Amino acid sequence: MAEEFKRLKRELVYHGAIVDFYKDTVQVPNGNVAEWDFIGHKGAAAVVPVREDGKLLMVRQYRNALDRYTLEIPAGGLNGASEPTLDAAARELEEETGYRSGNLEWLITIRTTVAFCNEKIDIYVARDLVKGEQHLDEDEFINVEVYSVDELCDMIFSGEIEDSKTVAAIMSYKEKIKKV
């Protein structure tokens, strides 16, 4: 079915620090031509940090798009499209929480908004955490908080946690530990 759609042109409208915005011109199966928005993203990695007691480290930070604080798993963009997501997950874990782990295991891959963006996030589980120091960017202000999986699920179902990568990660992790 994909061969019924033909991209005729992709025009860069705006190049940003995190995303690039394009206008795509596409011929659809009936021969009509449509213009679609496309947001190009270099990719990201995220991590579910698990303490020895089974509780998870979470980060609370201000998100400009929502104009409020959110509770999320640690995550960040790749330094380049070729950076291994495992490396990025380890880096973000240390930068945002101050913890390191030599025991990261892939959990799930998500695509955040398939209708108009190619963002892909590989999510890992980190165990055997070793305390260090946060290495925040100049514009980052992050508080590290600790919760049980059940507390986080309650926060998801009450609407307190809405971030898609965090919802997918927590629910996937909960299912994974049920099977162990």
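The values are calculated or read from the model by the stated rules, or taken from the named source; none is laboratory data. What you see is a predicted model, and the numbers here were worked out from it, not measured in a lab. Virtual Cβ from ideal backbone geometry, glycine too; neighbours counted across all protein chains shown.
From Thr97, Thr112, Thr85, grab the single residue that is over 18 Å from Ile170 (Cβ atoms) and of a type in the set (Ser, Thr, Tyr). Before the answer, list the steps.
On the way: Thr97 fails: over 18 Å from Ile170 (Cβ atoms); Thr112 fails: over 18 Å from Ile170 (Cβ atoms).
After ruling out the rest, the residue left standing is Thr85.
Is it the case, given these coordinates, that Val13 is assigned to a strand (DSSP E or B) and in the same structural domain as Lys131 (by TED's automatic domain parsing)? Write out each step before concluding.
On the way: assigned to a strand (DSSP E or B): yes; in the same structural domain as Lys131 (by TED's automatic domain parsing): no.
Considered against the rule, which asks whether it is assigned to a strand (DSSP E or B) and in the same structural domain as Lys131 (by TED's automatic domain parsing), Val13 comes out as no.
Quick one: what pairs do we get from the range 76-87, first residue loosely packed, with under 15 Cβ neighbours inside 10 Å, second in a loop (DSSP other than H, G, I, E, B), C-beta under 9 Å, 6+ apart or different chains?
Asn79/Lys42; Gly80/Lys42; Ala81/Lys42; Ala81/Gly43; Pro84/Leu78; Asp87/Leu78; Asp87/Asn79
When you go through (1) under 21 Å from the mean Cα position of the chain (by Cα); (2) under 30 Å from Tyr147 (Cα atoms); (3) assigned by TED's automatic domain parsing to the domain that holds Phe141 one by one for Ala81, which number turns out not to apply?
Failing condition for Ala81: (2).
For the condition within 20 Å of Ile123 (Cα to Cα), at pLDDT 95 or above and in contact with a strand residue (DSSP E or B) (Cβ under 6 Å, 6 or more places away or on another chain), what is the one hit in Val33, Val47, Val26?
Working: Val33 fails: within 20 Å of Ile123 (Cα to Cα); Val26 fails: within 20 Å of Ile123 (Cα to Cα).
Among Val33, Val47, Val26, only Val47 is within 20 Å of Ile123 (Cα to Cα), at pLDDT 95 or above and in contact with a strand residue (DSSP E or B) (Cβ under 6 Å, 6 or more places away or on another chain).
Kindly list the number of the only condition in (1) farther than 30 Å from Arg100 by Cα; (2) in contact (Cβ under 8 Å) with a residue 12 or more places away in the chain that fails for Leu12.
(2)
Quick one: what pairs do we get from the range 152-166, first residue without any contact (Cβ under 8 Å) to a residue 24 or more places away in the chain, second hydrophobic (A, V, I, L, M, F, W, C) and surrounded by 11 or more Cβ atoms within 10 Å (Cβ to Cβ), C-beta under 8 Å, 6+ apart or different chains?
Matching pairs, first to second residue: Cys153/Ile170; Cys153/Met171; Ile156/Val167; Ile156/Ile170; Ile156/Met171.
Taking the range 14-25 only, how many residues are surrounded by 11 or more Cβ atoms within 10 Å (Cβ to Cβ) and either within 18 Å of Glu119 (Cα to Cα) or under 19 Å from the mean Cα position of the chain (by Cα) (or both)? Before the answer, list the steps.
Of all residues in the range 14-25, those surrounded by 11 or more Cβ atoms within 10 Å (Cβ to Cβ) come to 19-25.
Adding the requirement that they be either within 18 Å of Glu119 (Cα to Cα) or under 19 Å from the mean Cα position of the chain (by Cα) (or both) leaves 19-24.
Going through the range 14-25 one residue at a time, the tally reaches 6.
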